[in-house]
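Notes for the one structure printed next.
The values are calculated or read from the model by the stated rules, or taken from the named source; none is laboratory data. Because the structure is predicted, anything quoted here is derived from the model rather than measured. A quick note on method: Cβ atoms are made from the backbone with ideal geometry, for glycine too, and the neighbour counts reach across all protein chains shown.
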């Protein structure tokens with residue numbers, strides 16, 4: 001397929017595959033769990049109340065399963081998309097999936113790091129995709145989540 005010459009054809013640099021952020025410890029706070037649970041319209045008291053969580057067999061308030069996304073946002077050293085050659089206004093969140101390990105509770109300290117695992121193009125070079133995986137391990141060195149995300153990048157047409 002012939003590509004239009006008016007498109008900027010450089011795809012996301014594949015040398016970024018394997019790039020990793022430093023691992024950062026993040027303490028899980030009760031208030032943040034409660035905020036997240038309320039934001040996703042959760043009603044189960046184990047996400048809000050210590051006594052209800054303990055009665056259900058948890059040591060403290062339990063974080064909802066997708067709380068790992070919040071931890072990834074709290075990571076202070078995420079990828080600099082501009083340094084990767086991507087304009088923020090052209091990025092679209094395309095996909096996200098989780099693999100779960102041990103549950104996350106208030107008071108846990110989760111070590112979070114992320115890695116770029118792949119880049120590729122589609123639509124005859126009109127779109128680039130960057131696949132990133134974020135890992136979380138608790139203070140006992142148990143995996144608590146692995147979040148795989150995919151962003152789509154729409155290339156800019158050149159005049």
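Would you call residue 67 at pLDDT below 95 and either farther than 30 Å from residue 155 by Cα or surrounded by 12 or more Cβ atoms within 10 Å (Cβ to Cβ) (or both)? Before the answer, list the steps.
Details: at pLDDT below 95: no; either farther than 30 Å from residue 155 by Cα or surrounded by 12 or more Cβ atoms within 10 Å (Cβ to Cβ) (or both): yes.
When the stated conditions are applied, residue 67 does not pass them.
Could you check segment 38-69 and list, in sequence order, the residues that are under 21 Å from residue 148 (Cα atoms) and in contact with a helix residue (DSSP H, G or I) (Cβ under 6 Å, 6 or more places away or on another chain)? Spell out how you get there, then give the answer.
We begin by selecting, within segment 38-69, every residue under 21 Å from residue 148 (Cα atoms); these are 40, 63-69.
Within segment 38-69, 63, 64, 67 qualify.
I need a count of the residues in segment 93-116 that are surrounded by fewer than 16 Cβ atoms within 10 Å (Cβ to Cβ), touching a residue at least 60 places away in the same chain (Cβ under 8 Å) and part of a strand (DSSP E or B).
The qualifying residues number 2.
If I ask for residues that are part of a helix (DSSP H, G or I) and in contact with a strand residue (DSSP E or B) (Cβ under 9 Å, 6 or more places away or on another chain), which ones from segment 20-36 would you list?
Within segment 20-36, 33 is the sole residue that qualifies.
With (1) under 20 Å from residue 113 (Cβ atoms); (2) at pLDDT 95 or above; (3) touching a strand residue (DSSP E or B) at 6+ places or on another chain (Cβ under 6 Å) as the list, and residue 17 as the residue in question, which single condition is left unmet?
Here residue 17 clears every test but (2).
Within segment 84-92, is even one residue within 13 Å of residue 145 (Cα to Cα), surrounded by 15 or more Cβ atoms within 10 Å (Cβ to Cβ) and in contact (Cβ under 8 Å) with a residue 24 or more places away in the chain?
Looking only at segment 84-92, we keep the residues that are within 13 Å of residue 145 (Cα to Cα), and these are none.
No, that holds for no residue.
Given the condition touching a helix residue (DSSP H, G or I) at 6+ places or on another chain (Cβ under 9 Å), modelled with pLDDT of 90 or more and crowded, with 16+ Cβ neighbours inside 10 Å, answer yes or no: does some residue in segment 137-145 qualify?
yes
Tell me yes or no: at least one residue of segment 76-87 is outside any loop (DSSP other than H, G, I, E, B), closer than 22 Å to residue 156 by Cα and at pLDDT below 90. I'd like the intermediate steps shown before the answer.
In the first step, residues of segment 76-87 are kept if they are outside any loop (DSSP other than H, G, I, E, B); the result is none.
No; the residues of segment 76-87 include none that is outside any loop (DSSP other than H, G, I, E, B), closer than 22 Å to residue 156 by Cα and at pLDDT below 90.
Among the residues that make up segment 56-68, is at least one of them more than 21 Å from residue 27 (Cα to Cα), under 20 Å from the mean Cα position of the chain (by Cα), touching a residue at least 12 places away in the same chain (Cβ under 8 Å) and not in a loop (DSSP other than H, G, I, E, B)?
The answer is no; no qualifying residue exists.
Which residue is nearest to residue 32 (Cα to Cα), if the candidates are limited to segment 117-145 and must be free of Cβ contacts under 8 Å to residues at least 60 places away in the same chain and under 13 Å from the mean Cα position of the chain (by Cα)?
The residue in question is 135.
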